[in-house]
Every structure is written in structure tokens, then in C-alpha cells.
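Right, one structure below, let's go through it.
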Amino acid sequence: AHADELTPKLRENILEFANRKDIVRQLVTLKTDVDFPFDLEDARIDKFDINAAVPILRDLGLRRLVERLGDNSPATTSATIKTDSPKAKPPAQGMLFADPETPVDVDQLPDGFSGYTPDNVDYQLIATEPELKKFAATLAKQKAFAFDTETTGLNPASADLCGISIAWEPRKAYYIPVRGVGPKLDEQLVLETLGPIFADEKIAKCGQNIKYDIVMLESAGYDVRNIDFDTMIASFVLDSARRSHGIDGLSRELLQYEKIPTVDLIGKGRSMITFDKIETERTCTYACEDADIAWRLRELLAKQMESAETKSLFEEIELPLVEVLAAMELRGVALDRSVLDDLNATMTKRLEELEGEIHDAAGRPFNINSTKQLGEILFDELNLRVVRRTRTTRSTDAEVLETLANESEHPLPRLVLEHRELTKLKGTYVDALPLLIYEKTGRVHPSFHQTGAITGRLSCSDPNLQNIPIRTELGAQIRRAFVPGEKDHVLIKADYSQIELRILAHFSGDEAMSRAFVEDRDIHAYVASQLADIPIEEITKEQRARAKTVNFGIVYGQSAFGLSRQTGMPMGEAKDFIAAYFDRYPKIRGFLDSCIEHARTHGFVKTLLGRRRDIADINSRNQNARGQAERLAANTVIQGTAADMIKKAMINIHRLIAKDNHPSRMLIQVHDELVFETPASAAKEEAAFIAKEMSEAIPLSIPIKVDVSIGKNWLEAERV
């Protein structure tokens, strides 16, 4: 009624909406004329069991709410620090969840854990040389201990050691400071005293995320041997879907113990400080608690592991891999700064050109990074189709721009896509990589994570090498900056060839696909020729590309819609193509169905080496959730087995490098690819050794092929 009083654009939107206003008003109006019997007194609850809510709230992480529940709030523990220092202060307090109605199953706990009622802990600061000598003599007699390090940073390649905490029995731990405010020991003295104990292969060591502590100690001159347990890795192997594998979350969930938050010591944001700026007496309690909790978790998780189907996966793959990844992180990989400088100049120039082209295509200047301004130009001024709306606006994300670029001949969507990709590439890698080179090593030191992907794949950070795009020319050029760090050395790149399809052929037992791999055929052209029923020599690039899309899409449960969108073929044709694929390879369809049925019956699926993943929504009434679960069921078995295979290869190669004194050093792992640094004079022999170990890591019913290249950088390598 008052549309004429609005701004032109808002008036247009209101009038366009007018034919829907009545139904929307009906949907949002509460009906008050419904007759149903109701008596408020019937809703009265005489008894409410607050204790029944506590475990639910705790599981949801609502700790503050648990604390507000009166008698059920966490009780605080008291702690004592024993030290000769007269300046010793009471520590900050951790909290123990005291929930008598829902106690931890004490039958699952080792001796010394019964009930977890609040009790004193004995955390001792070792701050004098006599104390250190006495402590070392006692430590050397232990069969096993847990340890943790406090440092000045999150990346051990650039951080300094502040102290080591050690525990070998519940509620008792020791902290040996080498940096901090107050009592501390000479770092070299501690190394000389404790170094032989860490190197003693007769004494087992454990911890939480122990890879970090290994790299930290080895950077400081220690040699750490005989790692027999990692609580974070054990948690992941036992229950990969667990909300958190961090020590705080595990302590809360498994021990019902609330640890001292890190922020209580170092703060956060701009006010954050490092552990070398904190009084060592305060750090003592926090550090000792870390070692103490790690020891408690080790005892609990080790008992669970004994009866777990995944025990062999933990002992033979995940735990040995910790040592491999620690060595990779410690070594790092060299970068050629000049390559990055050249790329920076090229990208900067291209971004400037793109900005001009985008403004010309739009017909006027605008802020390219403003989704609002871009939307106005695309949808209001150019009248392109609104592909998808968000809660607040019309979407201009990459998927929408890709759709518009395919639907329309207008150049703007494609130009904006290129601008975004180039901006991200420049900021994430070209600008950032030089800042990650550590002065004392001259290399970048990526961190590899075993618990980052539920399928078992490794993830990577600082920098994330797995996300460097290789399908675009400029993206691939970033790999050219990764070079050998030593004179007369080269890089060896070893990559599993179509490993997931080979695993699919192994599991399904499909004779036709298996024969293609045995005969070393071009699998995509082979499949295309079988589907088209024509000789392989007559297959066109387009036919091969379609077959390739389906081959890899099958692993991820690709639908006809997905194939249509990815290849541009009509929906009906895509549907027929997938149907023809399964008609030609019925055993593949049977294998995928068997994965889904196993998940539906048992609630989980397993890889070839027994890695387990729960499939939560496999029986969901929600069709979308159920469909996603079905896709995950098959993908987990295939991708997870591929992840296990390259991990096994890494372990074998690492051990043989040490045993047989090979000159190669493993630097990088990206999905199905490994990168090594080796002397040029030994490159061909080392390449053959690496290819052999990778191809034999996990025997399958069909050959495993490894493509190996040697070159002066990660990009420019020649196949051998």
C-alpha cells in the first residue's frame, strides 16, 4: 500500500513479493482458535533429577552451566608445590567433576584412579642442581614415563624450550624449568643430565601429541627414543568421530577432570605472553598437570586399546608414523625466495590488469571484494540469474560465479573468479611462504597432523602444502619454489598412480577393470572404449574426460547431477552414462552397495588395515543426510585404505633409510605423493628404492604403480 514511498530498488522488491505476502503472513501467524484440552496443573513436575542433566550438559561442553547447578558444580582440587625456593606460590587450581550419580566406570580404570574424588596432587619444581641429579637418578629407574614441554611458541622449529614436565604415577609430577621468571636451571646442564634418559631405549616414553615434544626436544639437542604411546593418537584410532582429541577435551570426557586453561597463564589476543615471561612456580602446576593427565590418559586408553580391533593399526601404523613425521618436521624443506619474488611481481601485475578488465566489463568502477556491490552489478545491472540466496543476500560465491560463467557469455563472472583465485594464491602462499622460513634453519617446517581427517589422511599446516593448486599455471609455479636445501642435491617426487581406482578394483574384484590395470592400460580411455563399445584408439579427448570424471566420481558417490555439472552434459545423458557404467562393471556397484549395507547393519565401515569410521546418519529418515552417509561409507573404505597404504610406505622407507644408511630424506607428504631430498649422484638408485617400497607397502590383487620423477625443484622433474 505504501510501496511508492520507498526507494526504487526496495519498491521493486516489495512489489515483486506482493503475490506471496498472504501465504507468508499465514505461515508466521500463530493460530489461536485450535481446540485442545490443556490443564496447567498437568504440566507440573514433582521431581526433577538434576543429576541426569549433568552428563548431557557436560558432553555438550556446557561447563559453565554445569558449574551453576549448585551441588553438582565442579569441586576444586588443591595442589602443593614442593621446592626449596622461598618464593614458591600456591598454584592455580584445576577442577574435578564430582558427579556421584554418573561416575566414571571404575572397572575400566587402572589402579590409583578409583572414583576420581578430589584429592591433593604432588607437583614438584626441580630448580636446583642437587634436585636435578636426585630426580634424574630416580627417573632412570622407571620403566616408562609421560613427558610434556613448555615452549615459547607453537612451531618447535622456531620456539625455545622453557621446561620439561614428567610423570610416571597418577597425581604426581615434576617440572624442570630452563626459562622463565624465578628459579630455573641451566639448559645445557639439563640436557646433559636428562638427555641420556630420553635416549635410553629401555625406558618407554609417552605423551599427548608427543610429536610436537619430540621435535621440540630434538631441536634442543635431545635424542628421544622408544615412544610407546600417544594419547591423542590413541583417542583418534579408538574413536575418530570424538569431538576433541586434545588433552583438555579428553581429560574432561574420560577423566571428568577440568584442566587449568592455558589462557589462565599466557592470556590471549594482544595481551598474550609466552612461558618464558611467567613465574616458573606458576608454570610448574600447569606443566605438571599436563604430564600427570597424559599419564592418566595413557593408563586408561592403553587398557581400552588392548581389547580394540584397531590395536594393530595403532601399533603398526599410527604410532610408528609419529617418529617419521617428527623427522620430516625437524628437517623442513628449502625455498627459493627468488622464485617467489618473481611470482609476486607477475601476480601483482595480473591483478592490476584484472581490476581494469573487471571494471570495463561491469561498466563502472566498484569494490571487487564487496559481495554487495558485485551482486548489484551482476543481478540488478546486468540482469544475470540469481542462482542462490543466503539468509541475508544473493550469493556471489565461487560456485555461483562458475554457474553464471557457464550460463552467460558475459565475461564478468569468469574475470571475478580469476581475481579471487589469484588474490588467495598470492596471499596464502606467495606472500606468506617467505615469512615462514626460519632463520636458524633457512627452511619452512610444515606440521603434519594425524588426527585432522577422519578418513585417516594426513593434513598439513604452516604452510598447508596440500592446498597448493597444481591445475592452474600460476598455482603450479609455486611448487617451483620448493628446492633441495643442500648443494648437489635433487628432489625425488614419488606419486601413487590412480591408487583409489586400483583399490576399488581390488575390493570389487571386477575382472574387466582389474585386467586394465594388470595390462597397464590408460584406465580412463579403457573405460570410455568399453562404455562406447568402440576401439580404444578411436576414443576422443571428450569421451576420455567423461570416463575419468565418472571413474573418480564413483569413489565419492557422484550423482548424475554432479556429473552433469562437472562435464556440461545434459542431466539425462549423465544419468544414462552412470547407469551404463554400472551395467558394464556390476561388481563395482555390488562393492559400493556392500559398504552401505555394512554401515547400515553395523553402524561403521573399516579400511583394509582395520581403520574404523562410524557412519552416524546411515539410517536417517532425512534423505539428504542418509545419502551423504551412504557416500561416506564407500569413500571411507577406499580413501582410508589409500591413506593407510602411503603411511605404511612412509614407515618402511624411513626405517630402511636409517637401517641401510640411504642418503635420501623424506620432506613432504601430499595425499598420494611423497617428496624426498637426495644427492644427485644417488638419485636413480634412490628413486628405484622408493618406488619399490611404495608399491609393496600393502599388497593388493592388482599391481600398484608409482610414478617417480627427479628434478631441481618440486615442479620441474623428469619421469624415470
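Does Leu40 satisfy the condition of being over 30 Å from Arg242 (Cβ atoms), open to solvent by 60 Å² or more (accessible area, probe 1.4 Å) and modelled with pLDDT of 80 or more?
Working: over 30 Å from Arg242 (Cβ atoms): yes; open to solvent by 60 Å² or more (accessible area, probe 1.4 Å): yes; modelled with pLDDT of 80 or more: yes.
Taking the combined requirement at face value, the residue satisfies it.
Based on this model, can you work out whether Gln669 counts as touching a helix residue (DSSP H, G or I) at 6+ places or on another chain (Cβ under 9 Å), touching a residue at least 40 places away in the same chain (Cβ under 8 Å), open to solvent by 10 Å² or more (accessible area, probe 1.4 Å) and not basic (Lys, Arg)? Spell out how you get there, then give the answer.
Working: touching a helix residue (DSSP H, G or I) at 6+ places or on another chain (Cβ under 9 Å): yes; touching a residue at least 40 places away in the same chain (Cβ under 8 Å): yes; open to solvent by 10 Å² or more (accessible area, probe 1.4 Å): no; not basic (Lys, Arg): yes.
Spelling it out, it is not the case that Gln669 is touching a helix residue (DSSP H, G or I) at 6+ places or on another chain (Cβ under 9 Å), touching a residue at least 40 places away in the same chain (Cβ under 8 Å), open to solvent by 10 Å² or more (accessible area, probe 1.4 Å) and not basic (Lys, Arg).
From the set of residues in the stretch 55-66 that are surrounded by 14 or more Cβ atoms within 10 Å (Cβ to Cβ) and in contact (Cβ under 8 Å) with a residue 24 or more places away in the chain, which is farthest from Lys259 (Cα to Cα)?
Pro55
When you look at Ser594, is it open to solvent by 20 Å² or more (accessible area, probe 1.4 Å), part of a helix (DSSP H, G or I) and among the hydroxyl-bearing types (Ser, Thr, Tyr), yes or no? Full working, then the answer.
Working: open to solvent by 20 Å² or more (accessible area, probe 1.4 Å): yes; part of a helix (DSSP H, G or I): yes; among the hydroxyl-bearing types (Ser, Thr, Tyr): yes.
Spelling it out, Ser594 is indeed open to solvent by 20 Å² or more (accessible area, probe 1.4 Å), part of a helix (DSSP H, G or I) and among the hydroxyl-bearing types (Ser, Thr, Tyr).
Which residue is least open to solvent (accessible area, probe 1.4 Å), if the candidates are limited to the stretch 206-244 and must be of a type in the set (Lys, Arg) and under 19 Å from the mean Cα position of the chain (by Cα)?
As a first pass, look at the stretch 206-244 and keep what is of a type in the set (Lys, Arg): 211, 225, 242-243.
Still in the running and under 19 Å from the mean Cα position of the chain (by Cα): 211, 242-243.
Working: Lys211: 18, Arg242: 33, Arg243: 167 Å².
Out of the qualifying residues, it is Lys211.
Can you tell me which condition Ile536 does not meet? The list is (1) open to solvent by 40 Å² or more (accessible area, probe 1.4 Å); (2) over 34 Å from the mean Cα position of the chain (by Cα); (3) farther than 30 Å from Lys692 by Cβ, and all the others hold.
(3)
Output the qualifying pairs, or none if there are none: Cβ atoms under 6 angstrom, residues six or more apart or on different chains, first residue in the stretch 151-169 and open to solvent by 20 Å² or more (accessible area, probe 1.4 Å), second residue of a type in the set (Ser, Thr, Tyr) and assigned to a loop (DSSP other than H, G, I, E, B).
Qualifying pairs under 6 Å: Thr152/Thr274; Asp160/Thr152.
Sort out which residues of the stretch 268-286 are within 26 Å of the chain's Cα centre (by Cα) and among the small types (Gly, Ala, Ser), and write them in order of number.
If the condition is that a residue be within 26 Å of the chain's Cα centre (by Cα) and among the small types (Gly, Ala, Ser), then Gly269 is the only one that fits.
Tell me which residues, restricted to the stretch 474-507, are among the polar types (S, T, N, Q) and free of Cβ contacts under 8 Å to residues at least 60 places away in the same chain.
Of the stretch 474-507, the ones among the polar types (S, T, N, Q) are 477, 497-498.
Once the filter is applied, which keeps residues that are among the polar types (S, T, N, Q) and free of Cβ contacts under 8 Å to residues at least 60 places away in the same chain, the stretch 474-507 yields nothing.
Could you pull out every one of the helices (runs of 4 or more DSSP H) wholly within the stretch 396-485 that has 3 or more residues that are open to solvent by 10 Å² or more (accessible area, probe 1.4 Å) and modelled with pLDDT of 90 or more? Spell out how you get there, then give the answer.
Values: elements: 398-407, 412-425, 473-478.
In the stretch 396-485, the matching helices (runs of 4 or more DSSP H) lie at 412-425.
Looking at Pro703, Pro663, can you tell me which residue is open to solvent by 10 Å² or more (accessible area, probe 1.4 Å), over 28 Å from the mean Cα position of the chain (by Cα) and farther than 17 Å from Arg502 by Cα?
Values: Pro703 fails: farther than 17 Å from Arg502 by Cα.
Being open to solvent by 10 Å² or more (accessible area, probe 1.4 Å), over 28 Å from the mean Cα position of the chain (by Cα) and farther than 17 Å from Arg502 by Cα holds for just one of Pro703, Pro663, which is Pro663.
Cβ-Cβ below 6 Å, separation at least six or inter-chain, first residue in the stretch 700-720 and in a strand (DSSP E or B), second small (Gly, Ala, Ser) and open to solvent by 80 Å² or more (accessible area, probe 1.4 Å): which pairs?
Listed by first residue and then by second, the contacts come to nothing, as the list is empty.
From Arg611, Arg626, Arg631, Arg600, grab the single residue that is under 26 Å from Arg243 (Cβ atoms) and open to solvent by less than 30 Å² (accessible area, probe 1.4 Å).
On the way: Arg626 fails: open to solvent by less than 30 Å² (accessible area, probe 1.4 Å); Arg631 fails: open to solvent by less than 30 Å² (accessible area, probe 1.4 Å); Arg600 fails: open to solvent by less than 30 Å² (accessible area, probe 1.4 Å).
Unique residue meeting the criteria: Arg611.
Looking only at residues that are under 21 Å from Pro8 (Cα atoms) and of a type in the set (S, T, N, Q) in the stretch 371-395, which one is surrounded by the fewest Cβ atoms within 10 Å (Cβ to Cβ)?
Thr392
Among the residues in the stretch 300-313, are any open to solvent by less than 20 Å² (accessible area, probe 1.4 Å), under 30 Å from Val675 (Cα atoms) and under 26 Å from the mean Cα position of the chain (by Cα)?
Yes: one or more hits.
What do you reckon, is Glu131 in a helix (DSSP H, G or I) and touching a residue at least 12 places away in the same chain (Cβ under 8 Å)? Steps first, please.
Working: in a helix (DSSP H, G or I): yes; touching a residue at least 12 places away in the same chain (Cβ under 8 Å): yes.
So Glu131 fits the description; yes.
Take the residues in the stretch 318-333 that are in a helix (DSSP H, G or I) and small (Gly, Ala, Ser), then tell me which one is most open to solvent (accessible area, probe 1.4 Å).
Here is the first cut: in the stretch 318-333, the ones in a helix (DSSP H, G or I) are 318-331.
Filter once more, so that each one left must be small (Gly, Ala, Ser): 326-327.
On the way: Ala326: 6, Ala327: 42 Å².
So, considering only residues that are in a helix (DSSP H, G or I) and small (Gly, Ala, Ser), the one most open to solvent (accessible area, probe 1.4 Å) is Ala327.
Of the residues Ile638, Ile690, which single one is touching a Cys at 6+ places or on another chain (Cβ under 9 Å), within 21 Å of Ile317 (Cα to Cα) and part of a helix (DSSP H, G or I)?
Values: Ile690 fails: touching a Cys at 6+ places or on another chain (Cβ under 9 Å).
Exactly one residue qualifies, and that residue is Ile638.
Here is a list of conditions, (1) closer than 21 Å to Asn551 by Cβ; (2) surrounded by fewer than 19 Cβ atoms within 10 Å (Cβ to Cβ); (3) among the hydroxyl-bearing types (Ser, Thr, Tyr), and Ser681 meets all of them except one; can you say which number that is?
(1)
Give the residues of the stretch 302-317 that are assigned to a helix (DSSP H, G or I) and within 22 Å of Ile698 (Cα to Cα), sorted by residue number.
Of the residues in the stretch 302-317, the ones assigned to a helix (DSSP H, G or I) are 302-306, 311-317.
If the condition is that a residue be assigned to a helix (DSSP H, G or I) and within 22 Å of Ile698 (Cα to Cα), then Lys311, Ser312, Leu313, Phe314, Glu315, Glu316, Ile317 are the ones that fit.
Inside the stretch 234-243, can you point out the residues that are farther than 14 Å from Ala146 by Cβ, in contact with a helix residue (DSSP H, G or I) (Cβ under 7 Å, 6 or more places away or on another chain) and either polar (S, T, N, Q) or assigned to a helix (DSSP H, G or I) (or both)?
Taking the stretch 234-243 first, the residues farther than 14 Å from Ala146 by Cβ are 235-243.
Filter again for in contact with a helix residue (DSSP H, G or I) (Cβ under 7 Å, 6 or more places away or on another chain), leaving 235, 237-238, 242-243.
Of everything in the stretch 234-243, those that are farther than 14 Å from Ala146 by Cβ, in contact with a helix residue (DSSP H, G or I) (Cβ under 7 Å, 6 or more places away or on another chain) and either polar (S, T, N, Q) or assigned to a helix (DSSP H, G or I) (or both) turn out to be Ser235, Val237, Leu238.
Might you let me know whether the stretch 251-263 holds any residue that is in contact (Cβ under 8 Å) with a residue 60 or more places away in the chain, on the phi > 0 side of the Ramachandran plot, touching a strand residue (DSSP E or B) at 6+ places or on another chain (Cβ under 8 Å) and of a type outside the set (Gly, Ala, Ser)? So that I can check it myself, show each step before the final result.
Our first condition is that a residue be in contact (Cβ under 8 Å) with a residue 60 or more places away in the chain; within the stretch 251-263, this holds for 252-260.
Those still in the list that are on the phi > 0 side of the Ramachandran plot too: 256.
Now restrict to residues that are touching a strand residue (DSSP E or B) at 6+ places or on another chain (Cβ under 8 Å): 256.
When the remaining residues are screened for being of a type outside the set (Gly, Ala, Ser), the result is 256.
Yes, the conditions are met somewhere in the stretch 251-263.
Only one of (1) open to solvent by 100 Å² or more (accessible area, probe 1.4 Å); (2) at pLDDT 80 or above; (3) part of a loop (DSSP other than H, G, I, E, B) fails for Asp46. Which number is that?
(2)
Taking Leu297, is it crowded, with 17+ Cβ neighbours inside 10 Å, of a type in the set (A, V, I, L, M) and under 29 Å from the mean Cα position of the chain (by Cα)?
On the way: crowded, with 17+ Cβ neighbours inside 10 Å: yes; of a type in the set (A, V, I, L, M): yes; under 29 Å from the mean Cα position of the chain (by Cα): yes.
The answer is yes for Leu297.
I want to confirm something. Restricting to the stretch 508-551 and keeping residues that are outside any helix (DSSP H, G or I) and free of Cβ contacts under 8 Å to residues at least 40 places away in the same chain, which single residue is farthest from Gly590 (Cα to Cα)?
We begin by selecting, within the stretch 508-551, every residue outside any helix (DSSP H, G or I); these are 509-510, 519-522, 533-535, 539-540.
Restricting the remaining residues to those that are free of Cβ contacts under 8 Å to residues at least 40 places away in the same chain gives 519, 521-522, 533-535, 539-540.
Numbers: Glu519: 24, Arg521: 24, Asp522: 24, Asp533: 22, Ile534: 26, Pro535: 27, Ile539: 27, Thr540: 29 Å.
My answer is Thr540.
The values are calculated or read from the model by the stated rules, or taken from the named source; none is laboratory data. Quick caveat: nothing in here was measured; it's all calculated off a predicted structure. All Cβ positions, even for glycine, are placed from backbone atoms using ideal geometry, and neighbour counts span all protein chains on display. Areas reflect the complete protein model, heavy atoms only, side chains present, ligands, DNA and RNA absent. Shrake-Rupley method; radii C 1.70, N 1.55, O 1.52, S 1.80 Å.
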